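Enquirer: I have a structure I would like to understand better, so I am pasting it below and will then ask my questions one at a time.
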Amino acid sequence: MPTFATAFAPACVGNVAVGFDILGHSIDGPGDTVRVRRIDAPEVVVENVHGVVDDLPRDARNTAVAALQALRVACDVRHGYAVSIGKGIPLASGMAGSAASAVAAVVAANALLPAPLPAEALFEHALAGETVASGGRNGDNVGPLLLGGLVLAARGRLVTIAVPEVWRCVLVHPHAHVLTRVARERLREPFALATVIEQTANLALVLAGCQRGDAALVRAGLADALAEPRRADLVPGFAAVQQAARDAGAMGCSLSGAGPSLFAWFEHAAAAHAGAAAMRAAFADAGLASDAWISPIAGPAARVLEAA
């Protein structure tokens, strides 16, 4: 049996505008790398945190620690783990940085088990880690990171949604922060029934469009009637960036997770490249530098990099 393993979990677009807390997709771009080493003491110890973030908690408030503790309890693991976390995803970025650390940790630890579990079986353990950061058991980031691609995470089930291979996502991260807990406070007031119906119709159109490969259906539905109207002002230049994506041919553009990152879907790579440049230019006009990634919507899953 190996004594240590290293795993990588990519960034993710949460909510995807129409599926608040239940829909997300991974991207081929930055991610977190977590090395897990088996130790005799029955505890989880953080040995090192480095990368774009280096001041994470070293106790149960750390998403990787919480996820590994959940795995230990569920699998009756008597030994412990020492963890080194390489952060490639900024925190409070809307790119699933908290979930990525939790997922990479359990994927690495799973490689150390006598009988590794299937990816779906890791969901609840990784979700325990994500919960300490987000304050809720929301699988829209964890599910896609475990399975890859566009995933519906609802009622404990993970459902992969087919997406045409040529469709592309542009994810643009302005150099700003939006705390998930602060953004969720914007949603405390009830929503009107008409708004809920509109959002339900949008979700249905997007899911049907993806399954059929029908971009017209996705264009008709890829809009957020719930969170975006209450959160958009948290992101400087939001309206201009969104319009820049639409002018470049986007099927839709909205917040990734709680923001401040924005995502946009395009039918092909050429339009995605034009959209990325336009979105970054709009952020620059608002006084924010930004980074952009272009990825298949059917992005990669978390994976083990080494085990020995």
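Enquirer: Answer yes or no: is there a residue in the stretch 204-223 that is part of a loop (DSSP other than H, G, I, E, B) and touching a strand residue (DSSP E or B) at 6+ places or on another chain (Cβ under 9 Å). Show your work before the answer.
Expert: In the first step, residues of the stretch 204-223 are kept if they are part of a loop (DSSP other than H, G, I, E, B); the result is 213-214, 222-223.
Those left that are additionally touching a strand residue (DSSP E or B) at 6+ places or on another chain (Cβ under 9 Å): 222-223.
Taking every residue of the stretch 204-223 in turn, at least one turns out to be part of a loop (DSSP other than H, G, I, E, B) and touching a strand residue (DSSP E or B) at 6+ places or on another chain (Cβ under 9 Å).
Enquirer: Considering only the stretch 33-45, how many residues are surrounded by 19 or more Cβ atoms within 10 Å (Cβ to Cβ) and within 14 Å of Leu68 (Cβ to Cβ)?
Expert: Applying the first criterion (surrounded by 19 or more Cβ atoms within 10 Å (Cβ to Cβ)) to the stretch 33-45 yields 33-37, 44.
So of that shortlist, the ones also within 14 Å of Leu68 (Cβ to Cβ) come out as 34-37, 44.
Count: 5.
Enquirer: Leu91: touching an Asp or Glu at 6+ places or on another chain (Cβ under 9 Å) and closer than 25 Å to Phe20 by Cβ, yes or no? Reasoning before the result, please.
Expert: Working: touching an Asp or Glu at 6+ places or on another chain (Cβ under 9 Å): no; closer than 25 Å to Phe20 by Cβ: yes.
Considered against the rule, which asks whether it is touching an Asp or Glu at 6+ places or on another chain (Cβ under 9 Å) and closer than 25 Å to Phe20 by Cβ, Leu91 comes out as no.
Enquirer: Please pick out the residue among Leu127, Leu113 that is buried (at least 23 other Cβ atoms within 10 Å of the Cβ), within 24 Å of Asp76 (Cα to Cα) and modelled with pLDDT of 95 or more. Can you show your working first?
Expert: Working: Leu113 fails: buried (at least 23 other Cβ atoms within 10 Å of the Cβ).
Checking each option against the conditions leaves just Leu127.
Enquirer: For the stretch 165-193, give me each residue that is surrounded by fewer than 19 Cβ atoms within 10 Å (Cβ to Cβ) and within 21 Å of Gly252 (Cα to Cα). Break it down stepwise before answering.
Expert: Applying the first criterion (surrounded by fewer than 19 Cβ atoms within 10 Å (Cβ to Cβ)) to the stretch 165-193 yields 165-166, 175, 177, 179, 181-182, 184-193.
Selection gives Glu165, Val166.
Enquirer: Residues Ala176, Ala194: which one is out of contact with any helix residue (DSSP H, G or I) (no Cβ under 8 Å at 6 or more places or on another chain), farther than 20 Å from Ile22 by Cβ and assigned to a helix (DSSP H, G or I)?
Expert: Numbers: Ala176 fails: assigned to a helix (DSSP H, G or I).
Just one listed residue meets the conditions, Ala194.
Enquirer: It is to be established whether one or more residues within the stretch 135-152 are closer than 20 Å to Pro300 by Cα, at pLDDT below 95 and of a type outside the set (S, T, N, Q).
Expert: yes
The values are calculated or read from the model by the stated rules, or taken from the named source; none is laboratory data. Not measured: the values here are computed from a predicted model. FYI the Cβ positions are ideal-geometry reconstructions off the backbone, even for glycines, and counts take in every protein chain you see.
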